[in-house]
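FYI, it's all coordinate maths here, none of it is from the lab. Note that the structure is predicted; figures quoted are calculated from it, not measured. Quick reminder, even Gly has a Cβ in these numbers, built from the backbone with ideal geometry, and neighbours come from all protein chains shown.
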């Protein structure tokens, strides 16, 4: 049964770091998969998990950059994967170097990119942020074990759009922020339905908003756009008080993947290292936005799963 969407009083918060939430947790012998684990909050996630003893596999579209970023992190390894290419996803899963995976953190993504079509006509943000991860988890299903957690990095941007069933590929006009919002809603719905299907096998899933952090994710935004949004000043200094450091931004996904407080729980959307509340109960001074109803709708989650399986041609849990 899906966990109630309500705070549990984790003891952590907005300024907690990935190292803070792992204090006292030993991950020796555990295998983690972190997409996007060589940049931004993904890199800090890899660093924290490896520091706690985990073996961390970091798939990368450009493995040479990943190797360079991970060179000083013992316990981290990399391999080629392009989430926009389902053949690449399938090949990565087939050659995965370990017989099990204890933690999956789907942290890779693109944000507010120019209109780009990949594969058979798919809008790129939805394809990379959702469909690539959907296919990856399904192809790796036989490596997941009783106790595995799958964490999908969503965003408060999910409030901008539910799933646009009448025009998911933006064929009637592209809006890069609505496209990002749709993809982030998909991340939350994917985790919700994966938990519904996977819990019988001991696999639990979570989604989350990491917070506002300046990382390479903003590569498609100009500095002036960020100034206009009140994020930075003309000199590039962060001025928005709710912005986090990358170490703080990695905390919620690491907490969701490892916290003993979440044992036997799942299917929920988290922020600031706790289960999120509905929007009306969110603490905006702490950078919270809560979780929108459209990202917590079980019927939408089931419909998205079925459509994603149809698009990608893979559904490891079809009989669950």
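For the range 220-315, relative contact order (Cα pairs under 8 Å, six or more residues apart, normalised by length) works out to 14 percent.
If the viscosity is 0.890 mPa s and the temperature 25 °C, what Stokes-Einstein diffusion coefficient in µm²/s follows for the chain when Rh is the Kirkwood radius over Cα pairs? Can you show the working numbers first?
On the way: Rh = 19.3 Å.
For the chosen part, D equals 127 µm²/s.
Note on residue 224 and residue 167: the extension gain reaches 17.5 nm, defined as 0.36 nm multiplied by sequence separation minus the Cα-Cα distance. Taking a point 7 Å from the Cα of residue 280 along the Cα-to-Cβ direction, the residues of the range 2-17 with backbone N closer than 19 Å to it are 4-7. Structure remark: mean-square fluctuation, Gaussian network model of the chain, C-alpha springs under 10 Å; the largest value among 46, 263, 185 belongs to 263.
For the range 67-96 and the range 157-180, what is the centre-to-centre distance using only Cα atoms, to the nearest Å? If we compute the Cα centre of each part, the gap is 29 Å. The relative contact order of the chain comes to 23 percent, based on Cα pairs under 8 Å that sit 6 or more residues apart.
With both residues required to sit in the chain, DSSP beta bridges show an antiparallel share near 15%.
With a Förster radius of 45 Å applied to the C-beta separation of residue 261 and residue 99, the computed FRET efficiency comes to 0.95.
Ranked by the mean number of other Cβ atoms within 10 Å of their residues, highest first, the peptides 253-262, 135-144 fall in the order 253-262, 135-144. Stretching the chain fully between residue 65 and residue 6 yields a gain of 17.3 nm (0.36 nm per residue, less the alpha carbon separation). Here the gap between residue 72 and residue 117, fully extended at 0.36 nm per residue and compared with their Cα-Cα distance, gives a gain of 12.6 nm. If you average the alpha carbon positions of the range 234-258 and of the range 266-320, how far apart do those two centres end up, in angstrom? If you average the Cα positions of each part, the centres end up 21 Å apart. Spin-label model, residue 233/residue 80: points 7 Å from Cα along the beta carbon direction are separated by 4.6 nm.
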